[in-house]
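Student: Before I ask anything, here is the structure I am working with.
The values are calculated or read from the model by the stated rules, or taken from the named source; none is laboratory data. Just so you know, these numbers come straight off a predicted model, no measurement behind them. Cβ atoms come from the backbone with ideal geometry, glycine included; neighbour counts cover every protein chain shown. For accessibility, only protein heavy atoms count, side chains too; no ligands or nucleic acids. Shrake-Rupley method; radii C 1.70, N 1.55, O 1.52, S 1.80 Å.
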Amino acid sequence: KNLYNTLTTVLAYSKDSVGAFIDQEYISFKTDTKVREIILRLKNLPKEKFVPQIFIKDKNGKLAGIIRTQNLAFFDRASIAGSIMQSIDNKLSPKDKLEKALNLFKKGSYQIAVVDEKNTMLGVLNACDFIKKEMSLPAETDAQDARDNPSKVIKLTLAVLLVLFLIWKVLLCK
């Protein structure tokens, strides 16, 4: 039932909205979860499932904050998530246009929470997944459509620039 409701919600959004790109695979914990439990769960994830941050929800299931995975090593393992979480600077609505997400990605966000009007988390928008979807090879009709529609060319150009920026940022951080 939940999967059906989720799919119905995601399919309800236009293809140029954040809702069309929501990824529902994210890791979240409640505010009363101990750091040791979080670390144990993250250690047991396969390498390809590594997450840069985890989302923290309050007792009502509303998004309360985030914890960057790399910061977990600096906290006492007996601490609880609610006491060490950071506030969320960037959130998106599923109705937001993709340009808003692109602007957040350009500012350095790589995983953005997507929430409804009640601050219930619907999923995330991952920079890498977004780029993969946007950069998939277009069909011949899409290529002709892009020649006829300059906004598609601009969108593709922005996606390429975003990829180059993320590559540069990764290389700079190493």
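Student: List every residue whose amide H lies under 5 Å from the amide H of residue 122, counting only residues 5 or more places away in sequence or on a different chain, with H placed 1.01 Å from N in the peptide plane.
Tutor: HN-HN under 5 Å from residue 122: 114, 115, 116.
Student: Another question, if that's okay. Can you sort 99, 48 by 1.4 Å-probe accessible area, starting with the largest?
Tutor: Numbers: 99 95, 48 150 Å².
Order by accessible area, largest first: 48, 99.
Student: Taking amide H atoms as placed 1.01 Å from N in the peptide plane, list the residues 5 or more away in sequence, or in a different chain, whose amide H sits under 5 Å from that of residue 30.
Tutor: Correct list: 57.
Student: A further question on this structure: Please go through the residue pairs 34/100; 49/107; 57/106; 34/95 and name each one whose alpha carbons sit more than 31 Å apart in this structure. Provide the component values of the computation, followed by the final result.
Tutor: Numbers: 34/100 34 Å; 49/107 24 Å; 57/106 26 Å; 34/95 34 Å.
Table pairs above 31 Å Cα-Cα are 34/100; 34/95.
Student: Efficiency by 1/(1 + (r/R0)^6): what FRET value for residue 164 and residue 93, r their Cβ-Cβ distance, R0 = 25 Å, to the nearest 0.05? Display every interim value, and only then the final one.
Tutor: Values: r = 28 Å, r/R0 = 1.11.
Efficiency computed from Cβ-Cβ geometry: 0.35.
Student: In addition: Under the rule of at least 5 residues apart or a separate chain, name every residue whose amide H is placed under 5 Å from the amide H of residue 96.
Tutor: Amide H neighbours of residue 96: 18, 19.
Student: With +1 on the Cβ of every Lys and Arg and -1 on the Cβ of every Asp and Glu, and nothing else charged, how large is the dipole of the stretch 19-107 about its Cα centre, in debye rounded to the nearest 20? Display every interim value, and only then the final one.
Tutor: Details: 18 positive and 10 negative charges, 7 e Å.
That gives a dipole near 40 debye.
Student: Can you work out the accessible area per residue across the stretch 1-111, with the rest of the protein chains kept in place, probe 1.4 Å, in square angstrom?
Tutor: Here the per-residue accessible area is 63 Å².
Student: Given axes a ≥ b ≥ c from the Cα gyration tensor, I'd like to know whether the stretch 59-118 is rounded (a/c under 1.5), prolate (a/b larger than b/c) or oblate. Spell out each step's value before the answer.
Tutor: Working: a/c = 4.23, a/b = 1.62, b/c = 2.61.
Oblate.
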